[in-house]
1. For the chain, set up a Gaussian network in which alpha carbons nearer than 10 Å are linked by springs, and say which option among Gly37, Gly59, Gly20 fluctuates the most.
2. Once phi is turned into ³J(HN,Hα) by the Karplus curve 6.51 cos²θ - 1.76 cosθ + 1.60 with θ = phi - 60°, what whole-Hz value does each residue of segment 41-56 show in order, with x for glycine and proline?
3. May I ask you to derive the FRET efficiency for Glu77 and Arg9 from their Cβ-Cβ distance with R0 = 30 Å, giving the value to the nearest 0.05?
4. Taking amide hydrogens as modeled 1.01 Å from N in the peptide plane, which residues meet the under 5 Å criterion relative to Ile43, leaving out close sequence neighbours?
5. Say we join alpha carbon atoms closer than 10 Å with springs in a Gaussian network model of the chain; which of Val60, Val51, Val41 then has the biggest fluctuation?
6. Can you compute the charge dipole magnitude of the chain about its Cα centre, using +1 on each Lys and Arg Cβ and -1 on each Asp and Glu Cβ, nothing else charged? Give it in debye, rounded to the nearest 20.
7. Please list, in order along segment 75-89, the HN-Hα scalar couplings obtained from phi with the Karplus expression 6.51 cos²θ - 1.76 cosθ + 1.60 (θ = phi - 60°), rounded to whole Hz, x for Gly and Pro.
8. Which entry in (i) 0.94; (ii) 1.09; (iii) 1.01 is this structure's computed Rg/Rh (Cα atoms, Kirkwood Rh)?
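Derivation of every value follows stated rules applied to the coordinates shown; laboratory data play no part. Quick caveat: nothing in here was measured; it's all calculated off a predicted structure. Backbone-built Cβ (ideal geometry, glycine too); neighbour counts: all protein chains shown.
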Amino acid sequence: MRQIMSPGRLHLAILASGRGSNFEAILRACQQGELDGQIEVLISDQPDAAVLEKAEKAGVPALLIRPADYTSREAYEAELVRLLEEHGV
């Protein structure tokens, strides 16, 4: 097993909009010790994204943040930054 080395445990956020294959691969790498990290939050902009349910089943907080719900791209991005900071990422 190859381990990705880091100076400390990584606190990760995953931004996803689909099935969640990358989320699952990163989660598996963390669980198997290949990646010294923990997924702190998953954020999607698609309400029907299958990855939201996968994250919840894995015990990872899953948030839906849609750009259309914000008055500007800057407001949307500011909310993303706030949520990332709130989850320690």
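1. With Cα springs under 10 Å in the chain, the top fluctuation among Gly37, Gly59, Gly20 is at Gly59.
2. Calculated HN-Hα couplings, in order: 6, 10, 10, 10, 9, 10, x, 9, 5, 4, 5, 4, 5, 4, 5, 4 Hz.
3. Once the sixth-power term is evaluated, E becomes 0.70.
4. Ile14, Leu15, Ala16, Leu63
5. Val60
6. Values: 9 positive and 14 negative charges, 71 e Å.
Magnitude of the dipole: close to 340 debye.
7. Taking θ as phi minus 60°, the curve returns 5, 4, 5, 4, 5, 4, 4, 4, 5, 4, 5, 4, 9, x, 9 Hz for segment 75-89.
8. (iii)
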